[in-house]
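Student: A single structure is presented below for examination.
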Ligand SMILES: NC(=O)c1ccc[n+]([C@@H]2O[C@H](COP(=O)([O-])OP(=O)(O)OC[C@H]3O[C@@H](n4cnc5c(N)ncnc54)[C@H](O)[C@@H]3O)[C@@H](O)[C@H]2O)c1
C-alpha cells in the first residue's frame, strides 16, 4: 500500500464488531476487499453481508487469534481468495479487570493470549510476505492503556503496552523497507468491548464488577466512525502513533514528567553520577 493509494486487500481481526467493523466499512467505500476475521461466527456473517451490500468483496474467516495455526490458516485463505493482503489490522481484543493478586491466572492467560499473542500471530503470518513484496502496512490496535499502567487494569495495560512496544520495534525494522506500521491507541470508544469480554472470559462467567465500572465509559465513548476516519487519515501520513483523544495527552505528559524526575534522581546519585552513561552510538530507530 503506498501512502497515496487505498489498500487493495485488508485482513482485519476483530472485524465483525466495533472499531474493526467500522474500519472495514470505511475501507469498503474506497474499494478495498476485506477479510474479516473473528471468533464470533454469527456477527461475522452479519458483517460480511453488510460489506457485500456496499458492492465490495468480503469474506468472513472464523478464527481465534490466540491460536497461531488458525491465524496462519486464515492468512493463507485471505491471500488465496482475495489476492495478496496489503493491510494487516491486528485489532481483536478483550478486557478483564480486577486488582493484581485477585485476578485469576486464567484471566491473565486469556487477555495476554488474545491481546498480545493475537497481534504477534498476525505479524508472524504476514511480515515475511510483506517483506518479500517490499510493500504493505501493519496496523496494531493497542490502547491509551498501553501508554501507562492503571489500577484494576493489570493484564489489559500490560498486553497493550507490549503491543505499543512491538509496534515501535516493527516501525524501526520495516519503515526502511517501505512497509508502514502504526499503533492505534484509542481512549474510550462506544463499542461492545465490555460485553464481548464478559461473554468470552473463561474465568468470569458473571460480569466482572470492576469491568462493569468501565462500562459507562465505553458506552459514552466516541463513535467508531470517527476512529475509522482518523485511522485512514493517519495511515496516509504513515503516523506511528494514532491517538483519538487529544484530551488524554495528560496521561503521557504525567508519565514523561515522572520519568524525567527519575533520570534526574539517577544523575544526582553518588552511585551513578561519576560514571560514563552517555548513550552508545547505535541507532534504535
Ligand atoms: N472500545 C474502547 O473503548 C477501546 C479503547 C481502547 C482500545 N480498544 C481496543 O480496540 C480493539 C477492538 O475492540 P472494540 O472496542 O471494537 O470491541 P468489540 O468487542 O466491539 O470488538 C472486538 C472484536 O474482537 C473479537 N474477538 C475477541 N476475542 C477474539 C479472539 N480470540 N479471536 C478473534 N476475535 C476475537 C470479538 O468477537 C469482537 O468482534 C480491541 O483490541 C480493544 O482492546 C478499545
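The values are calculated or read from the model by the stated rules, or taken from the named source; none is laboratory data. Note that the structure is predicted; figures quoted are calculated from it, not measured. Heads up, the Cβs are rebuilt from the backbone with ideal geometry, glycines too, and the neighbour counts pull from every protein chain shown.
Student: Under the condition of being more than 11 Å from the ligand (Cβ to nearest atom) and either at pLDDT below 85 or out of contact with any strand residue (DSSP E or B) (no Cβ under 8 Å at 6 or more places or on another chain) (or both), which residue from region 220-233 is farthest from residue 39 (Cα to Cα)?
Tutor: By that ranking, first place goes to 233.
Student: Would you say residue 193 is within 11 Å of the ligand (Cβ to nearest atom), modelled with pLDDT under 95, under 19 Å from residue 12 (Cα atoms) and crowded, with 20+ Cβ neighbours inside 10 Å? Give the derivation first.
Tutor: Details: within 11 Å of the ligand (Cβ to nearest atom): yes; modelled with pLDDT under 95: yes; under 19 Å from residue 12 (Cα atoms): yes; crowded, with 20+ Cβ neighbours inside 10 Å: yes.
In short, yes.
Student: Can you tell me which of (1) under 21 Å from residue 224 (Cβ atoms); (2) within 13 Å of the ligand (Cβ to nearest atom); (3) not in a loop (DSSP other than H, G, I, E, B) is the one residue 187 doesn't meet?
Tutor: Tallying (1) under 21 Å from residue 224 (Cβ atoms); (2) within 13 Å of the ligand (Cβ to nearest atom); (3) not in a loop (DSSP other than H, G, I, E, B), residue 187 fails exactly one: (3).
Student: Another one. Of all residues in region 76-108, count the ones that are over 17 Å from the mean Cα position of the chain (by Cα), under 30 Å from residue 5 (Cβ atoms) and within 16 Å of the ligand (Cβ to nearest atom).
Tutor: The qualifying residues number 2.
Student: Of the conditions (1) in contact (Cβ under 8 Å) with a residue 40 or more places away in the chain; (2) assigned to a strand (DSSP E or B), residue 25 satisfies every one except a single condition; which number is it?
Tutor: Only one criterion is unmet by residue 25, namely (2).
Student: Cβ contacts < 7 Å: first residue free of Cβ contacts under 8 Å to residues at least 40 places away in the same chain, restricted to region 119-145; second residue outside any helix (DSSP H, G or I) and surrounded by 20 or more Cβ atoms within 10 Å (Cβ to Cβ), any location; separation 6+ or different chain. Result?
Tutor: Sorted first by the residue in region 119-145, then by its partner, the pairs are 145/153.
Student: What do you reckon, is residue 217 within 21 Å of residue 14 (Cα to Cα), at pLDDT below 95 and under 16 Å from the mean Cα position of the chain (by Cα)? Reasoning before the result, please.
Tutor: Working: within 21 Å of residue 14 (Cα to Cα): yes; at pLDDT below 95: yes; under 16 Å from the mean Cα position of the chain (by Cα): no.
No; evaluated as a whole, the condition is false for this residue.
Student: Can you name the residue in region 196-214 that is within 11 Å of the ligand (Cβ to nearest atom), buried (at least 16 other Cβ atoms within 10 Å of the Cβ) and assigned to a helix (DSSP H, G or I) and is also modelled with the highest pLDDT among such residues?
Tutor: The qualifying residue modelled with the highest pLDDT is 214.
Student: Now a separate question. Working only within region 28-57, note down all residues that are away from the ligand (no atom under 15 Å from the Cβ) and touching a residue at least 24 places away in the same chain (Cβ under 8 Å).
Tutor: 28, 29, 30, 31, 32, 33, 54, 56, 57
Student: Any residue at all in region 1-22 that is more than 11 Å from the ligand (Cβ to nearest atom), under 21 Å from the mean Cα position of the chain (by Cα), outside any loop (DSSP other than H, G, I, E, B) and surrounded by fewer than 23 Cβ atoms within 10 Å (Cβ to Cβ)?
Tutor: yes
Student: Which of the residues that make up region 56-73 are closer than 14 Å to residue 20 by Cβ and more than 18 Å from the chain's Cα centre (by Cα)? Outline the logic, then answer.
Tutor: Quick first cut of region 56-73, residues closer than 14 Å to residue 20 by Cβ only: 58, 60-61, 63, 65.
Passing the criteria: 58, 60, 61.
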